[in-house]
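Worksheet for the structure shown next.
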Amino acid sequence: MDEQSPFATFRADVEDYLRSAGLGSFTSLLEIPPSATYGHLALPLFSVTLPSSLPVVPQESLIAGVRIAGRYLNFTAKTPELALMSYRRALERGKRYACLPQERGRVIVEHTSANPLHPMHVGHARNAFLGDSIARLKAARGNKVETHFYVDDMGLQVMIAALGFERAPPMPPGEKPDHWVGFVYAVSNIMYELAQLDHMINEGPEKYSELVSRRDNLVGYAQALREKHQREFDLLSSALRGLDKDAWEKELGQTLRGMEGGDDRFKKRVEAVVKLALEGFRQTLDEAGVSFDSWDFESAMANPEELKALLAAASASPFAVTYKGTLALNCDAVAKLPKVSAELGNLGLKEIPPMVLIRSDGTSLYETRDIIYSMKKLQLADEVYNVVGAEQTLAQLQVKLALFAIGHPKASHLHHVAYEEVRLPGRKMAGRYGSYVTLDELIQTAVTMASQEIRKRNPEIDRESLEKSARSIGIGAVKYSLLSVSAQKAVEFNVTRALDFDQNSAPFMQYAAVRAKSVLRTAEERGICIPSDPRTNQLLHPLEEELVLLCSRLPDVASYAADSLHVESLASHLMTIADRFNSYYASVPIIGAPDAELRGARLALCKLVEISLESGLSLMGIQVPSEMRRKLPKNAGHVSSERAGQRSLPKMLKGCS
C-alpha cells in the first residue's frame, strides 16, 4: 500500500463514509473549505442528492463531525489524532516529512542549459532554481531523478566566441572564467555585426539611416566594454578589425563544418572557450546549491551515423515534405492526428510551420540535433522534463511532433516546462553586447544586504556565523522570489522586496523555522522535554488547530507541486504555515503554558512546525539557518516575555546562523 499523509488518512475516512452513504461516485468533488470554521473537507451538493438520513460515523474514524451548511456537506477532523499522527510522522521522517514516495519511475530534468557565451544572468537563475526544485520534488515522490545540462557548443554564437577567444589576450588575473568569456564574446560579436553592417552600408543607400543608427548603437556598447578592460578591448578589437563580412563567414563556416566532421583543430578551438565558460558556471551553481548529474554536449549529437539514421526515418515518414528546397516534417499535420491532438489540447496556433531537418549545404541544424538529444534522454528515462523559456515553446513543440512523426514510442513522455522572463526594473539586458546583470552579482547583492541586516541587529555576531547566515538567507531570498510566482507569469525581480524580513519572503519563513528551533532549544536547556505521547487533545486554540491542519496537509501539497509542476503552490503553503506560526508565537505562551501537559503538547506542535518548514523549504533548495545565538530571556514562558523585543521580525534575526 502506498504511503499517505496524515490528512490523506482523514480524507480516506471521509471517502469511505461517502461510499457507505451511497455517494461514492462523488468523492472526487471533495474540496478544502476556505475557512476551517466550515469544516476541514467539504462536498459541494449542487449536483448531489443526499439520502434521507446520513450514516453514523464509525468510532475509529478520523471524522469528528458531519454537518450540512447551505449547499455543502462539511466534515471536521479529529485534530488531536491528526496532530499526533503528524507529529510522529515528522519525528520518524525528519527532513523527508514532506515527501510522499509513491512513484518508482526514472526521470530526467534538463534545466539551466545556459549557452557558454557569458555568465549566467537573472533569467538563467529562474531556470536553474525551477529545474532544481522540480528535480527535488520528483525525487520526493520516489522517482530516480537525474539532472542534465545541455551545452550548446555548435551554434553560430559559440563559433563567434571561439574565433574571438583564439585571438584574445590572456585572461586578466582574478577574472572569473565565464565573465572573461562574456567579455571576449561580446567584443567579438560586436566586431562581427559591425562587419555585416559596413557591408550593407557600402552596398547602397537603401535603409542607410537605419543601418547607421544600428552601427552607432553597437559603437555605444563597444565603448561600455572598453571601460571594463581597456587594454584587452583594444588588443582584441584590433585583431578582429581586419575581418570583413566574407572573412567572418568563411571562418565561421569552416569551424561549423569542422565540428560536424570531427576535425580536432576546430574542436579544440571551440572546446577552449566552452571549457572556461563551464568552469565559471560550476562556480556559480555550486554557490547557489544547484548540481548536475550529467553535462551533455550538442556536438555529441552531431554523430554522422545518428544523423543519417534520423534523416532516413524522417524521409520514410508519411509527414515528410520538401520545404525551401530541403527535407522537413509537416508538424501541422502531425498535430492534427487524433491521438496527438488529444494530448496537446488547444495550442492556440493557426498553423505550425514545417520543421526543417537539414541545411541545403548538408550541415545539420540545432533542431535536428535536439531531436537526437531527446531520443537519447528518452532511452534513459521514463519521463523527460525540459525546463526551457516560453519563447522556445514552438521549437520544443516541433521536436515533440517530430518524434511523433517518426513513430517514436515515447514521444508522449517528453515534456516542456515553460517559464516566462525575469525583468529587472530600469535594466534592459543584451547578452551578445555584454549588457546583463549576472547571477553572481545578484547573489552577492542579496548576501551583502542580508549581512548588513544581520550586523545591524547583532553587532556582536562572529564572522563565521554572519557569513553562513547571510549566505543561506540571501540565496534563499533570491530562490523564493523566483519560485513563488507561477512559471507562466513574468517576474519583476526586486532584491529589496526579496529580502523583506517582515512578509512574503524566504527570510520570513526561515526565521519562523529558526524561531521554532529556538523555543525547543530553550526548553531543552531548562530541562523541559516533549513527552513521548504528547497530550494533543490540549491543543484547543484556533491557531493550533490551523497549524495542525496545515502541517498534516504538507506532504499532499508537495506531491501536488511535483505532479503538476506548480512549485509556487508549495511556496504559498509554506508561507501560510510560517505566517500562522509567527502569529501563534506572538499570542500564545508555549514554554510558559499554565501546565505541563499543555506545555508538552505545544512544544510538540513547535517541533512539527519546525520539521514541516525545514522539509518543505528543502524541496525548493532553500536552507534554514541552524540556530539562533541570542537566547530567549529566562522568563520566556510568559507571553509578554516571549514577545520581548519582537515588534519587528528583522530584530529577531540577531545571531541566527
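The values are calculated or read from the model by the stated rules, or taken from the named source; none is laboratory data. Worth saying up front: this structure is predicted, and the values here are computed from it rather than measured. For neighbour counting, all protein chains shown are included, and Cβ atoms are generated from backbone atoms with ideal geometry for every residue, glycine included. In case anyone asks, the SASA skips ligands and DNA or RNA and just uses the protein heavy atoms, side chains included. Shrake-Rupley method; radii C 1.70, N 1.55, O 1.52, S 1.80 Å.
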Practice problem: Out of the residues in the stretch 497-540 that are assigned to a helix (DSSP H, G or I) and aromatic (F, W, Y), state the one that is farthest from the chain's Cα centre (by Cα). | Solution: Y511
Practice problem: Would you be able to tell me the number of residues in the stretch 235-245 that are of a type outside the set (A, V, I, L, M, F, W, C) and over 13 Å from I190 (Cα atoms)? | Solution: 1
Quiz prompt | From A77, A98, A128, residue being out of contact with any Gly (no Cβ under 8 Å at 6 or more places or on another chain), under 28 Å from F7 (Cβ atoms) and surrounded by 23 or more Cβ atoms within 10 Å (Cβ to Cβ) | solution = A77
Quiz item: Across the stretch 321-343, what is the number of residues that are without any contact (Cβ under 8 Å) to a residue 60 or more places away in the chain and either more than 17 Å from G407 (Cβ to Cβ) or open to solvent by less than 80 Å² (accessible area, probe 1.4 Å) (or both)?
Solution: 12
Practice problem: Go through (1) in contact with a helix residue (DSSP H, G or I) (Cβ under 7 Å, 6 or more places away or on another chain); (2) surrounded by fewer than 16 Cβ atoms within 10 Å (Cβ to Cβ); (3) free of Cβ contacts under 8 Å to residues at least 40 places away in the same chain and name the single condition E287 misses. | Solution: (3)
Practice problem: Quick one: count up the residues across the stretch 368-400 that are in contact with a strand residue (DSSP E or B) (Cβ under 6 Å, 6 or more places away or on another chain) and closer than 18 Å to Y323 by Cα. | Solution: 1
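Just one of F292, F319 is farther than 17 Å from R369 by Cα, in contact with a Ser or Thr (Cβ under 7 Å, 6 or more places away or on another chain), at pLDDT 95 or above and of a type in the set (A, V, I, L, M, F, W, C); which is it?
F292
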Quiz prompt | Residue tally, condition over 36 Å from the mean Cα position of the chain (by Cα) and either open to solvent by less than 60 Å² (accessible area, probe 1.4 Å) or under 15 Å from S20 (Cβ atoms) (or both), over the stretch 35-61 | solution = 14
Practice problem: Give me a count of the residues in the stretch 465-494 that are in a helix (DSSP H, G or I) and within 10 Å of the chain's Cα centre (by Cα). | Solution: 4
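Among V548, V567, V588, which is without any contact (Cβ under 8 Å) to a residue 60 or more places away in the chain, of a type in the set (A, V, I, L, M, F, W, C) and in contact with a helix residue (DSSP H, G or I) (Cβ under 8 Å, 6 or more places away or on another chain)?
Result: V588 is the single residue among V548, V567, V588 that is without any contact (Cβ under 8 Å) to a residue 60 or more places away in the chain, of a type in the set (A, V, I, L, M, F, W, C) and in contact with a helix residue (DSSP H, G or I) (Cβ under 8 Å, 6 or more places away or on another chain).
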Quiz prompt | Residue list for the stretch 373-404, filter: among the hydrophobic types (A, V, I, L, M, F, W, C), open to solvent by less than 10 Å² (accessible area, probe 1.4 Å) and within 17 Å of S317 (Cβ to Cβ) | solution = V399, L401, A402, L403
Quiz item: Name the pairs whose Cβ atoms lie under 7 Å apart, with the first residue in the stretch 436-447 and more than 11 Å from H124 (Cα to Cα), the second among the acidic types (D, E) and surrounded by fewer than 19 Cβ atoms within 10 Å (Cβ to Cβ), and 6 or more positions between them or separate chains?
Solution: I443/E287
Quiz prompt | Enumeration of residues in the stretch 215-249 that are touching a helix residue (DSSP H, G or I) at 6+ places or on another chain (Cβ under 6 Å) and open to solvent by 50 Å² or more (accessible area, probe 1.4 Å) | solution = R215, Y221, R226, D244
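For (1) hydrophobic (A, V, I, L, M, F, W, C); (2) in a helix (DSSP H, G or I); (3) in contact with a Ser or Thr (Cβ under 6 Å, 6 or more places away or on another chain), each residue gets a yes or a no:
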position: H416; (1), (2), (3): no, no, no
position: P425; (1), (2), (3): no, no, no
position: K428; (1), (2), (3): no, no, no
position: E441; (1), (2), (3): no, yes, no
position: Q444; (1), (2), (3): no, yes, no
position: V447; (1), (2), (3): yes, yes, no
position: S451; (1), (2), (3): no, yes, no
position: R455; (1), (2), (3): no, yes, no
Quiz prompt | Residues satisfying the stated conditions in the stretch 250-280, i.e. within 18 Å of A195 (Cβ to Cβ), open to solvent by 30 Å² or more (accessible area, probe 1.4 Å) and free of Cβ contacts under 8 Å to residues at least 40 places away in the same chain | solution = K250, Q254
Quiz item: Looking at C551, is it within 29 Å of R141 (Cα to Cα), over 25 Å from the mean Cα position of the chain (by Cα) and either open to solvent by less than 10 Å² (accessible area, probe 1.4 Å) or at pLDDT 95 or above (or both)?
Solution: no
Quiz prompt | Of residues in the stretch 399-451 being out of contact with any helix residue (DSSP H, G or I) (no Cβ under 7 Å at 6 or more places or on another chain) and on the phi > 0 side of the Ramachandran plot, the one modelled with the lowest pLDDT | solution = G426
Quiz item: Identify, please: which residue in the stretch 508-529 is among the hydrophobic types (A, V, I, L, M, F, W, C) and in contact with a Phe, Trp or Tyr (Cβ under 9 Å, 6 or more places away or on another chain) and is, among those, surrounded by the fewest Cβ atoms within 10 Å (Cβ to Cβ)?
Solution: F508
Quiz item: Counting only residues that are in contact (Cβ under 8 Å) with a residue 60 or more places away in the chain and either crowded, with 21+ Cβ neighbours inside 10 Å or in a helix (DSSP H, G or I) (or both), how many does the stretch 290-312 have?
Solution: 9
Quiz item: Only one of (1) under 26 Å from the mean Cα position of the chain (by Cα); (2) at pLDDT 95 or above; (3) open to solvent by 60 Å² or more (accessible area, probe 1.4 Å); (4) not aliphatic (A, V, I, L, M) fails for E110. Which number is that?
Solution: (3)
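Could you please let me know if E460 is open to solvent by 30 Å² or more (accessible area, probe 1.4 Å) and either in contact with a Lys or Arg (Cβ under 7 Å, 6 or more places away or on another chain) or in a loop (DSSP other than H, G, I, E, B) (or both)? Walk me through how you get there before you give the answer.
Working: open to solvent by 30 Å² or more (accessible area, probe 1.4 Å): yes; either in contact with a Lys or Arg (Cβ under 7 Å, 6 or more places away or on another chain) or in a loop (DSSP other than H, G, I, E, B) (or both): yes.
Against the criterion (open to solvent by 30 Å² or more (accessible area, probe 1.4 Å) and either in contact with a Lys or Arg (Cβ under 7 Å, 6 or more places away or on another chain) or in a loop (DSSP other than H, G, I, E, B) (or both)), E460 qualifies.
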Exercise. Check whether at least one residue in the stretch 583-595 is surrounded by fewer than 22 Cβ atoms within 10 Å (Cβ to Cβ) and under 28 Å from the mean Cα position of the chain (by Cα), and report yes or no.
Key: no
Quiz prompt | Lone qualifier among V158, V184 - being farther than 29 Å from N494 by Cβ, modelled with pLDDT of 95 or more and either open to solvent by less than 10 Å² (accessible area, probe 1.4 Å) or in contact with a strand residue (DSSP E or B) (Cβ under 6 Å, 6 or more places away or on another chain) (or both) | solution = V184
